[in-house]
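This report refers to the structure that appears directly beneath it.
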Amino acid sequence: MIEALGLVKRYGSTMAVNDLSFSVRPGMVTGFLGPNGAGKTTTMRLILGLDAPTQGSVTVGGRSYRDLPSPMREVGALLDAKALHGGRRAYDHLLCLARSNGIPASRVEEVLAIVGLEGVARRRAKGFSLGMGQRLGIASALLGDPAVLIFDEPVNGLDPDGVHWARTLMRTLAAEGRTVLVSSHLMSEMALTADHLLVIGKGKLIADTSADELTRSSSRQSSVHVRSPQAAELAARCRQADATVRPGSTSPAAAPEAGTGGGTGPDVIEITGMDSAEVGKLAAAHGITLFELIPVRPSLEEAFMELTRDSVEYQATGGTQ
Amino acid sequence: MTGATITRTSPDHRAAFRPATFADVLRSEWIKLRSVRSTFWALTVTVVLGIGLGAVISAVSAHSYAKFSPSEMLSWDPTGVSQSGMLIAQLAIAVLGVLCISSEYSSGMIRTSLIAVPRRGRVLAAKSLVFAVVTFVVGEVVCFTAFFAGQALISGHAPHAALGDPGVARALAGGGLYLAALAVLSVAVGTVLRHPAAAIAAMIAVLLVLPGIAQALPDSWRNPVTEFWPTQAGSQLTSVYHSAHTLQPWPGFGVMCLFTAIVYAIAWTLLDHRDA
């Protein structure tokens, strides 16, 4: 359990974290989302006592991090995969951390096996790829077998196999009843991993909700994607039924799962205001042939973009000219 | 690799654990110190040059003793000559002391260290203590070995010293103590400045540059500097003979320890209050 109350962190004139209150509960993966520069890392540094809050407080298991008697046994953290001495061997890096919290050396071998780094344990960390560095960071977080885990962008630099592994690991850790807080700027990644979402932008909490609720509350409506040789006729019929019809959109919302068809073109239309059953019945009633009939929900990614549009710190101005 | 199980214990059934102690942090810092190559190289330089340079200078000086003027013969200090390598040894120790904390800042390891041990004072204390003890042991080995090697090379060509001569044992034992105090000072300076280059420059200024500048100043300025400058005062513990405008061995070393304690207190306060 992590609880933040009115957390404020100011660096000079910059408000990195602005009046943040939230709680992260055990037994689930909580995704910590926000655009780059939103204050995710700062918040994690405040949780871990690296930075002192300007105002407010944050506790882990009811205690301030710096008061924990054996911190690595209670909280495991991966902040930055590069936060280690490159000249030290992976095994020694983990051993010095284990010793500092009275964790037996046998546990070092265990966590190396969990993250799959046994083969390079005797190699110096500066030769590690970013993905290997992430695995080493995850290994150090697991050293104390802690009940609370905090990961800052853990899948950065991992290959697809590694991303899948990290996702499974986090879900397993949560299923064991642990508190798992994972930050990311990629909504699509969180959609697959997180049960609950904390969304922040410009240091402020924008949403504290489940992943499902976030898409449901999106102002974008569900739509129906249709491909038909008689698209024009169907469009006219639907308009008569008070639905809105747009030509087949190239937006990601209208492109269903890759590989399941759903192309664009003059025979593709997108209908809002009717559900797929209604469109299907209407088409049947008028003898219109349908090739594709796909209900499209706004993706979590779109809901996220919509939510954080006003709080993106570094925004491209669009266009390349 | 992908199918690995996480842990065999669920959070509810985890083994009871004891609070981390200062001894745990000491063990951790010992592993940190011995697991990087800069430690090996700096200590090798300390030992090889500390002993080797002392031996070479002892041999060369002893062979030219016969051509010395009477005043040079009067100030002949066979113990001091055999300890000539200390000049290099102290630089190697200062650089290593600075690096063992400032390299944590330059690599980012400091964040990992402070997450593991959020009681930051313990990190500084353990680091200083471990490095001071290692330095003390290496320093004593270097001082005594250099002394015996030096006296063996001097004997037969010039008057040599024996361990039982007045002040000799104290001066040799003092060499290790002086280096140990310097070790703590270097760690503290590295903590205050954080950047390896800046901290190394600062230590070289303390050890060589400022005392060198003082030599160019008029007596009224130079004498108090040679008397009270921390490293100058501390090094009185390592010399057998007492020269004018210097403190006695133990008070001199006391001045160095006091200065080190002040810098250490600043380092402790900054480490505790700064965002890492």
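A short reminder: the numbers here are calculations on the coordinates, not readings from a lab. Computed from a predicted structure; not experimentally measured. Glycine gets a Cβ as well: all are built from the backbone with ideal geometry, and neighbour counts include every protein chain shown.
Numbers below:
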read-out	value
Positive-pole candidate from B:CYS257, A:GLY12, B:ILE101, dipole of the protein assembly as shown, charges at beta carbon	B:CYS257
15 Å beta-carbon shell around B:THR44, net charge (K/R +1, D/E -1)	+2
Lysine pairs within the protein assembly as shown, Cα separation less than 12 Å, 8 or more sequence positions apart or different chains	7
Euclidean distance of C-alpha centroids, the range B:73-113 and the range B:18-34, integer Å	23 Å
A:ILE200 long-range amide H proximity, modeled H, under 5 Å	A:LEU33, A:GLY34, A:ILE206
Efficiency of FRET between A:HIS286 and A:LEU186 - r from beta-carbon atoms, R0 60 angstrom, step 0.05	0.90
Spin-label model distance (nm) - A:ASP19 vs A:ARG246, 7 Å beyond Cα toward Cβ	3.5 nm
Per principal axis, descending, Cα span of the range A:2-209 in whole Å	45, 36, 34
Per-residue mean of C-beta atoms belonging to partner chains within 10 Å, peptide A:61-68	2
Nearest-0.05 FRET efficiency for B:GLU227 and B:HIS63, computed from C-beta distance (R0 30 Å)	0.30
Theoretical gain in end-to-end length, B:LEU210 to B:THR21 [0.36 nm per residue, Cα-Cα removed]	64.0 nm
Cα-only radius of gyration and Dmax that characterise the range B:107-242, units Å	18.7, 60
Directionally averaged projected area (convex hull, Cα atoms, chain B), nm²	19.5 nm²
The range A:135-169 and the range A:67-121: distance between their alpha carbon centers, rounded to Å	12 Å
Under 5 Å, built H, 5+ apart or other chain: amide partners of A:SER210	A:LEU197
Under-5 Å amide H pairs with A:VAL29, H placed in peptide plane, nonlocal only	A:ASP195, A:HIS196
Two-site FRET efficiency, B:ASP77 against B:ALA201, from Cβ-Cβ distance with R₀ of 45 Å, rounded to 0.05	0.90
Simple label model, 7 Å out from Cα along Cβ direction - A:LYS126 to B:THR44, nm	1.5 nm
Net charge of neighbours whose Cβ lies under 15 Å from the Cβ of A:PHE128, counting Lys and Arg as +1 and Asp and Glu as -1	+4
Size of electric dipole in the range A:55-109: Cβ of Lys, Arg +1 and of Asp, Glu -1, about Cα centre, debye, nearest 20	80 debye
Reference-scaled alpha-carbon Rg (2.2 N^0.38 Å with N residues) for the protein assembly as shown	1.35
